[in-house]
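The values are calculated or read from the model by the stated rules, or taken from the named source; none is laboratory data. Since the structure is predicted, the reported quantities are computational estimates derived from the model, not experimental observations. Cβ placement follows ideal geometry from the backbone for every residue including glycine, while neighbour counts extend to all protein chains displayed.
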Amino acid sequence: MTNGVKVDLEKPTPLTVLNAVPEVPGKSGAGYYGIAESGETYLETILLIKERTQSGLVRAVDIANELGFSKPSVSRALGQLKDKGLINIEFSGAIVFTPEGLEYAKKVFERHRILTYFLRYVLSVPAVQAEQDACRIEHVISDITVDRMVMFLKENNLYTEELSKGIDDNN
């Protein structure tokens, strides 16, 4: 049963307002840390800025510029991520991942990459649309579904070496 609706896997349940966005089972991390979509977006953004910059230094202003948010909004969100033990903010203002935060950010980014690739090369969704859709889907998709997508890509010789490369572990 999902949201009080009996689910028959042989016969899909029609979507209604009540069951269109049920709790996502099997999504590692989200339940454990209680991170909302916006928190995942911040973690992914920090990770991408770290990778892009030569120094690997990320500050709140960098995130505000990247996402187009106000500095106070970014500071509030970073405080929540810090309270959850996912980042630390050094005296200099540099944002540093905790081991758990780095793992979580990499997982979000991996889902994003797999989804974008699947949408583009399996479903032939135009690149810009695939990127936009992946940004939304990555926050609600279960680990089981992502694993099945990867399995499909591998079984059909579509899983490339480039896709299997992750973010460098030296962050």
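For this structure, a couple of remarks:
- Annotation note: of 51, 90, 66, the sole residue that is among the acidic types (Asp, Glu) and within 24 Å of residue 150 (Cβ to Cβ) is 51.
- Residue list for segment 93-102, filter: assigned to a helix (DSSP H, G or I) and buried (at least 16 other Cβ atoms within 10 Å of the Cβ): 101, 102
- Residue selected from segment 42-92 under the condition of a type in the set (S, T, N, Q) and either in contact (Cβ under 8 Å) with a residue 60 or more places away in the chain or not in a helix (DSSP H, G or I) (or both), by the criterion nearest to residue 136 (Cα to Cα): 70
- Just one of (1) out of contact with any Ser or Thr (no Cβ under 7 Å at 6 or more places or on another chain); (2) loosely packed, with under 15 Cβ neighbours inside 10 Å; (3) not aromatic (Phe, Trp, Tyr) fails for residue 111. It is (2).
- Within segment 65-100, if we keep just the residues that are among the acidic types (Asp, Glu) and in contact with a helix residue (DSSP H, G or I) (Cβ under 9 Å, 6 or more places away or on another chain), the residue that is farthest from residue 46 (Cα to Cα) turns out to be 100.
- Conditions (1) modelled with pLDDT under 90; (2) more than 18 Å from residue 145 (Cβ to Cβ): number failed by residue 12: (2)
- Taken over segment 121-141, residues that are surrounded by fewer than 18 Cβ atoms within 10 Å (Cβ to Cβ) and either charged (D, E, K, R) or not in a helix (DSSP H, G or I) (or both) amount to 9.
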